[in-house]
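What follows is a set of notes on a single structure, which appears directly below.
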Amino acid sequence: MAAPWEDVLRDAPALREAAAVAVDAALLEGVLMRTEGQPNASDVVNYAPLTLLPSTVPSALFEQAYAVQQDFNLLVDAISQNKEFLEHTLASTIKVDDFTARLFQIYMQVLEEGLAQSVFLGINRSDYMFDCGVDGTPALKQIEINTIAASFGGLTSRMVAVHRQVLKVLGKSKEASRLLPNNPSQGLALGIAKAWELYGSPSAVVMFLVEEVQRNIFDQRCVENELWNRNIRVIRRRFRDVFEKGSLDDAKRLYMDGQEVAVVYYREGYVPKNYDQQNWEARLLLERSRAVKCPDIATQLAGTKKVQQELSRPGTLERLLPGHGEAVARIRATFAGLYSLDMGEEGDKIAATAVAEPDRFVLKPQREGGGNNLYGEELRQVLEKIRDSPERTSYILMDKIKPQPAINYLLRAHSPLQASACISELGIFGVYIRQGKEMVMNEAAGHLLRTKAIEHADGGVAAGVAVLDTPYLV
């Protein structure tokens with residue numbers, strides 16, 4: 001998949017000029033992050049890390065990823081409503097993974113009390129890589145689906161303008177005009193706005209639930225500003241604010257500082273370090289409320305790695321999506337090999353294979369946010385240590401995807417300009433809304449391309465490894 005700017009990669013002065021243009025364009029367009037030194041202050045900011053040039057993506061695989069997104073939205077929603085499936089699938093995990101167990105405990109408590117929530121909003125992002133099989137033909141393979149706090153929909157909405165400018169400066173105006181428009185922040189905001197409207201209280205607010213450290217605030221502001229433009233009030237609060245000032249009335253309406261909350265949009269709460277005892281109590285309060293949670297706790301559980309592995313078993317998709325044969329086929333076509341490490345003969349066998357051939361696999365814990373997966377020698381050491389212990393059931397094994405690297409330049413503040421062999425990951429944002437049993441909205445809402453140097457096995461943009469990119473379809 002040669003890019004139509006291979007000639008430029010040999011022109012050092014032109015690349016230096018283009019890099020300066022790219023940095024200024026990123027600052028001009030608002031592709032920004034706060035600094036590590038001052039993560040909660042916006043008076044010192046820098047550009048978010050990005051590629052100098054767009055990366056080539058096979059157009060057939062790009063179209064396939066978009067075509068299957070509504071199917072994945074349906075699947076996530078179906079899982080979130082299937083108590084028996086979640087109970088059965090997570091039974092072994094909750095015995096050994098305290099974080100998943102705490103989420104599951106809240107899920108069961110809220111179900112027993114009876115759901116106060118009647119409108120359900122899902123914002124997810126399904127991530128893929130392009131696997132070059134034995135014959136070298138690239139195939140779309142799903143890495144994971146993120147059902148909580150799926151980020152970078154805002155900043156990626158501004159990346160096309162940056163790369164258009166760079167290509168023009170490099171004398172590639174024709175190629176610049178071929179970059180696809182992309183605005184996930186608008187698509188995500190449309191979903192939140194529709195959920196707010198269906199909640200049915202014009203004076204109620206949307207609450208962004210945010211982390212203590214907010215380096216990625218501008219990504220969230222892109223979505224937030226779309227809501228303000230529709231005259232929907234937005235407040236930003238942390239778990240501890242909810243613990244201290246959140247309350248429910250008799251009808252289980254949620255109030256923060258005296259304001260009724262229609263929608264809670266989680267940009268936090270996806271890893272154990274987000275929680276102490278107070279934060280768990282705040283999460284329970286939110287889940288018990290009538291407010292539309294994005295996601296509700298059942299949908300967060302639907303995004304666990306253990307669920308992903310269970311979906312790959314023969315017959316599972318058919319049971320979850322009866323009568324959706326074509327959707328099932330489209331979904332299954334994106335699956336890489338996924339294997340259970342549950343105790344028993346099947347788990348023993350796959351654990352032994354992975355210890356013997358660690359470079360064939362990825363070992364994944366039940367975590368979101370990047371930087372958690374284990375590869376190669378590290379995978380072998382961990383599996384050898386836990387292979388005879390129930391602790392292994394808190395992980396799943398997945399075939400390692402082998403994409404074709406391409407040369408690009410990764411621009412980071414205070415880093416030298418140097419060529420790297422890179423691989424990319426394509427994410428498609430999905431938005432759906434269900435009211436009672438009726439699906440009111442089900443859409444693909446834009447894409448995100450992230451690229452990293454091949455020496456980094458794992459990690460996203462927020463984890464400091466991948467950088468923002470734009471697909472150039474070939």
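The values are calculated or read from the model by the stated rules, or taken from the named source; none is laboratory data. Note that the coordinates shown come from a computational prediction; the quantities given were computed from them, not determined experimentally. Every residue, glycine among them, receives a Cβ derived from its backbone with ideal geometry; neighbour counts consider all protein chains shown. Ligands, DNA and RNA are excluded from the accessible area calculation, which covers all protein heavy atoms including side chains. Shrake-Rupley method; radii C 1.70, N 1.55, O 1.52, S 1.80 Å.
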* Residue match in region 221-239 (condition: assigned by the TED database to the domain that holds T56, buried (at least 22 other Cβ atoms within 10 Å of the Cβ), in contact with a Gly (Cβ under 7 Å, 6 or more places away or on another chain) and farther than 30 Å from K364 by Cβ) -> no
* Asked: Going through region 96-115 one residue at a time, which ones are modelled with pLDDT of 95 or more and among the aliphatic types (A, V, I, L, M)?
  -> A101, L103, I106, M108, V110, L111, L115
* Name the residues in region 332-345 that are touching a Ser or Thr at 6+ places or on another chain (Cβ under 6 Å) and part of a helix (DSSP H, G or I), would you? -> none
* Asked: Within region 86-95, can one find any residue that is at pLDDT 95 or above and acidic (D, E)?
  -> yes
* Mind checking whether some residue in region 314-323 is open to solvent by less than 10 Å² (accessible area, probe 1.4 Å) and basic (K, R)? -> no
* Which number in (1) touching a strand residue (DSSP E or B) at 6+ places or on another chain (Cβ under 8 Å); (2) under 22 Å from G446 (Cα atoms) marks the one condition that A193 misses? -> (1)
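Does I433 satisfy being in a strand (DSSP E or B) and over 25 Å from V213 (Cβ atoms)?
On the way: in a strand (DSSP E or B): yes; over 25 Å from V213 (Cβ atoms): yes.
Spelling it out, I433 is indeed in a strand (DSSP E or B) and over 25 Å from V213 (Cβ atoms).
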* Structure fact -> Counting only residues that are buried (at least 21 other Cβ atoms within 10 Å of the Cβ), part of a helix (DSSP H, G or I) and either within 17 Å of the chain's Cα centre (by Cα) or not small (G, A, S) (or both), region 159-217 contains a total of 15
* Structure fact -> Checked against (1) touching a His at 6+ places or on another chain (Cβ under 9 Å); (2) open to solvent by 10 Å² or more (accessible area, probe 1.4 Å), E113 satisfies every condition except (1)
* Structure fact -> Conditions (1) within 30 Å of S389 (Cα to Cα); (2) surrounded by fewer than 22 Cβ atoms within 10 Å (Cβ to Cβ) -> N40 fails only (1)
* Based on what the data block shows, is E112 in a helix (DSSP H, G or I), among the charged types (D, E, K, R) and either assigned by the TED database to the domain that holds V264 or closer than 16 Å to Y472 by Cα (or both)? -> yes
* Asked: Residue check: is A466 over 23 Å from the mean Cα position of the chain (by Cα), closer than 21 Å to R158 by Cα and modelled with pLDDT of 90 or more?
  -> no
* Structure fact -> Selection from region 387-426 of residues part of a strand (DSSP E or B) and either among the β-branched types (V, I, T) or loosely packed, with under 15 Cβ neighbours inside 10 Å (or both) yields I396, I407, A419, A421, I423
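Yes/no per residue for (1) buried (at least 17 other Cβ atoms within 10 Å of the Cβ); (2) β-branched (V, I, T); (3) modelled with pLDDT of 95 or more:
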{"residue": "I433", "(1), (2), (3)": "yes, yes, yes"}
{"residue": "E438", "(1), (2), (3)": "no, no, yes"}
{"residue": "E443", "(1), (2), (3)": "no, no, yes"}
{"residue": "R450", "(1), (2), (3)": "yes, no, yes"}
{"residue": "E455", "(1), (2), (3)": "no, no, no"}
* **Condition broken by K349, with the remaining ones in (1) in the same structural domain as S126 (by the TED database); (2) of a type outside the set (A, V, I, L, M); (3) surrounded by fewer than 16 Cβ atoms within 10 Å (Cβ to Cβ) satisfied** => (1)
* Restricting the first residue to region 163-181 and requiring it to be among the acidic types (D, E), which pairs with a second residue that is not in a helix (DSSP H, G or I) meet a Cβ separation below 8 Å and a spacing of at least six or different chains? -> E175/P4; E175/W5; E175/Y472
* Structure fact -> With criteria (1) surrounded by fewer than 21 Cβ atoms within 10 Å (Cβ to Cβ); (2) closer than 30 Å to V23 by Cβ, L338 comes up short on (2)
